[in-house]
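Here the structure comes first, spelled out in structure tokens, and everything after it is commentary.
Please treat every number below as a calculation from the coordinates, not as lab data. A quick note: this is a predicted structure, and the numbers were derived from the prediction, not measured. Glycine gets a Cβ as well: all are built from the backbone with ideal geometry, and neighbour counts include every protein chain shown.
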Amino acid sequence: MKKTVSANSFAKIILFGEHSVVYGHPAIALPLYSVDVNATVIPANSGQWLRSRYFDGEIQQLSENLLGIKRLINWILTTLNQTNASFTIQIDSKIPAERGMGSSAATAVAITKALFKYFDKPISRDNLLQIANVEEQITHGNPSGIDTATVSSEHPIWFVKHQENEQIEFNLTTDYLVIADSGIKGKTAEAVNLIADNLIDEADEIQPLITDLGHIAHQAKTALQRADSKLVGELMTTSHHHLNRLGVSTPVLDKFVDLSIANGAYGAKLTGSGMGGCMIALVASSQQAQHVANILRDAGATSTWIQSFKNYGYTVEDADDNIG
Ligand code: PMV
């Protein structure tokens, strides 16, 4: 009898470069260690089952909105010659869905890692990203790949589409990030399409904003290396204003950004696709993080999270180690 195995993956936050990343510019993104998803594969007497907050039943009966997960599991079982194996996959997730926190990618990564582990097969990080993207192609259409790359990373990353992502030198280890949910679902495909349409209709206005978001990511990389919190914060706020001009902010996200800065944050911005979803604020201390989180909740945030940067320091590790 096989043994029960588990694997996890993290929520992600894009610090810099959402949308511009689609056009080949770099982005900086962080795994959120405190907000994770766990996939456990348990031997079963017969059948293939999934238990999660959205679905409890046979994998082949997975509903339309979970088609990406179904295809992913079928793809893995075919690749590993295990289409007749019997098991239950149990998903325990702290990541809210459709809030720009990478819930679907994190679930795909955790399932992929857990199934490879269950069938005693090693998997390299490159392979993991390719396989998990089977799900993302279906759920998100044409993703840049930043979600799967971040949720499967142990470190903050520098991400460029179609290139190997690399660990970034991240020295803001005393600061905190406040994350607030606007309570409105993010709309990734709609936001990406809006910008693509505007790039055709209003190229003179839109193209410079995209290009500048790319420059900002480069400046932020240096600022993070130098632990220049003030500059990182300013670059976040400038990014937010650019994203607003690109048409993907909302009045609620704007209000949360303004309130965070008025209450002492170094800077703040929406994160992810926008048109809903979450925003982030960079603050100097745990007390200040708590204060800003309280203010945002009073202003209508449906959830807030506080992430310390204590464990985000740069470590030299081979990012392409086997992780199976
Ligand atoms: O799905 P979200 O909200 O995390 O946004 C993904 C980031 C985008 O740059 C908007 C799209 C992409 O594929 O990179």
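Here are some notes:
- Here, P(r) means the percent of Cα pairs in each 5 Å bin from 0 to the largest distance; for the stretch 170-308 it is 2, 11, 20, 22, 19, 14, 8, 3, 1, 0.
- For Val5, the residues 5 or more places off, or on other chains, whose built amide H falls under 5 Å of its own are Val41.
- Structural descriptor for the chain: relative contact order 23 percent, calculated from alpha carbon pairs under 8 angstrom and at least 6 residues apart.
- Whole-Hz ³J(HN,Hα) from phi, Karplus 6.51 cos²θ - 1.76 cosθ + 1.60, for the stretch 8-14, glycine and proline x: 10, 7, 10, 5, 10, 10, 8
- Percentage relative contact order, the stretch 170-308, counting C-alpha pairs under 8 Å, at least six apart: 42
- At R0 = 22 Å, FRET efficiency that the Cβ-Cβ distance of Ser46 and Lys121 yields, to 0.05: 0.45
- Relative contact order of the stretch 5-166, defined on C-alpha pairs under 8 angstrom at six or more residues apart (%): 33
- Loop-located trypsin sites (Lys or Arg not before Pro) in the stretch 17-83, at most 14 other Cβ atoms within 10 Å (DSSP): Arg53
- Applying both filters, DSSP loop and at most 11 other Cβ atoms within 10 Å, to the chymotrypsin sites (Phe, Trp or Tyr not before Pro) of the stretch 67-131 eliminates every site.
- Distance from the stretch 100-122 to the stretch 218-272 (C-alpha centre basis), Å: 31
- Share of pairwise Cα separations in the chain, more than 24 Å, in percent: 52
- With Cα atoms, 0 to 90° folded angle of helix 251-262 axis to the chain main axis: 60
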